[in-house]
Amino acid sequence: MIPPYNGFFLEGTRTLYDPEQTRSVTMTATSGVPEVPFVVSSPGKVILFGEHSVVYGEPAIAASVALKTYLHVSSSSEKKVTLLFPDTKLQMSWNISDLPFAKTPGEVPTELDSTVLKNLEPCLANIDDTFQHAAALAFLYLYVHLMSPECGGFVFAARSVLPIGAGLGSSASMSVCMAGALLHLRGQASLEVINSWAFIGEKCIQGNPSGIDNNVAARGGAVMFKRAVRPGDKAVLRPLALRPLNLLLTNTRVPRRSKELVANVGELVKTRPAIANPILESMGHLVTEAEQALADGDMSTLQHLVRLNHGLLVSLGVSHTSLEKIRIASQDLDLGETKLTGAGGGGCGITLVKDGVAESSISSFRAALPDYEVFETVLGGPGVGVASAATTSDQFLDQFDSTSLDNLNWTYWSS
């Protein structure tokens, strides 16, 4: 059993996916300095069961989705480090001699160093956009800790299939890729170290992250998590057995109002505790049943639980007409049950696709929601991985094709 990790007590260290379900191999750590170019990838995540009730100490389940961020690393003839992230229109280069390198700590820190943050300010002075600034800060913070002035120049080029800012863990996926790539360059990558440094990257971007997103992005599969909300409680993060499940992830493109929605549920709990608390407790019981159904591969029960969880969330007032359209379309076409994921009020919905659904039905679903973004993906795939690449950074960006990248010979870090 590994030590407590960033606020969560992690139970078990087994790989969170079945290697027989993938075409790749696993490794516990990088041995030796790798050849470049290479690509590191990391998945996004969805909350499968238990959003909102988790705020009140009930368990929830999060799982990876096979929509990923990809980070291509290549050498440069110049003594510069370059970060290219066209999805956020970020393109920056820094002279290595200008970077305020920090002493690599003996252990991965759990908090940000205010001195390092201050020293990095001049490197970020020309970046005004919030997303760009956060991504560049996370990258440079990890770079000045994990690399050295003696390292040659490198180009880091990133692309993501994940919608940014949609509650799917895009920032954690990027942080895991950056930590994985830098540690791989050092020849010192392991799953636990990647995960811990990715949490530091998430702190640069999110401020006070829960640690859930980077754990799922690094480990893949699914986890049950429970927050410590009362004195004496211990937060828990437990890996779950999960076979890959087909999923439709639908982005309504309606902006989420997470803070407002959480506050509204809080007001309901305060003013109608006799009604609201049993709803939240029911979600907790539902998660316990879902954990067993996932272990058994019981699709029938999982479909029922998806429907019930969405209904409970509707009763809390966190759904939205855009999300109900997804549910109605999937119901009309008999694709499988649908629920909102995350805070609700827009954002994304997930449909657990039944076995044997025809591709024509998926096409009809897309046609019924012309203004939405629909992804066919897999729930519970592997976490952070690395593959050799035969492309330059320009070729990677110009010819970006996630399907071709997924067909590379990937190796996944495991515990």
Q: Taking GluC sites (Glu not before Pro) as candidate sites, keep only those in a DSSP loop with at most 16 other Cβ atoms within 10 Å, then name the longest stretch of the chain containing none of them.
A: 151-415
Q. What is the packing order of peptides 166-179, 61-74, 240-253, 396-409, taking the mean over residues of other C-beta atoms within 10 Å and listing the highest first?
A. 166-179, 61-74, 240-253, 396-409
Q: Starting from the Cα gyration tensor of segment 245-379, take the square roots of the eigenvalues, sort them a ≥ b ≥ c, and report rounded, prolate or oblate (rounded when a/c is under 1.5, otherwise prolate if a/b is larger than b/c, else oblate).
A: oblate
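Multiplying the sequence separation of Asp128 and Glu281 by 0.36 nm and subtracting their Cα-Cα distance, what value in nm do you get?
Numbers: separation 153, 0.36 × 153 = 55.08 nm, distance 4.38 nm.
Here the answer is 50.7 nm.
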Q) By average Cβ neighbour count within 10 Å, what is the ranking of 85-98, 299-312 from highest down? A) 299-312, 85-98
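By average Cβ neighbour count within 10 Å, what is the ranking of 132-141, 215-224 from highest down? Before the final figure, lay out the partial values.
On the way: 132-141: 22.6, 215-224: 28.5.
Per-residue Cβ counts within 10 Å, averaged per peptide and sorted highest first, yield 215-224, 132-141.
If contacts are Cα pairs under 8 angstrom and at least 6 residues apart, what is the relative contact order of segment 245-379 in percent? Walk me through the numbers on the way to the answer.
Details: 192 pairs, mean separation 59.2, N = 135.
Relative contact order of segment 245-379: 44 percent.
As a test of the formula, what do you get for the chain when each DSSP H run with n ≥ 4 contributes -39,500 (n - 2.57) and the sum is divided by the residue count, at 222 nm and rounded to the nearest 500 deg cm²/dmol? The partial results should precede the final answer.
Details: 12 runs with 153 residues, N = 415.
My calculation for the chain gives -11500 deg cm²/dmol from helical runs alone.
Read the figures in this text as sums done on the coordinates, not as results from a lab. Model, not experiment: these values are computed from the prediction. Neighbour counts are summed over all protein chains in view; Cβ atoms, including those assigned to glycine, are modelled from backbone coordinates with ideal geometry.
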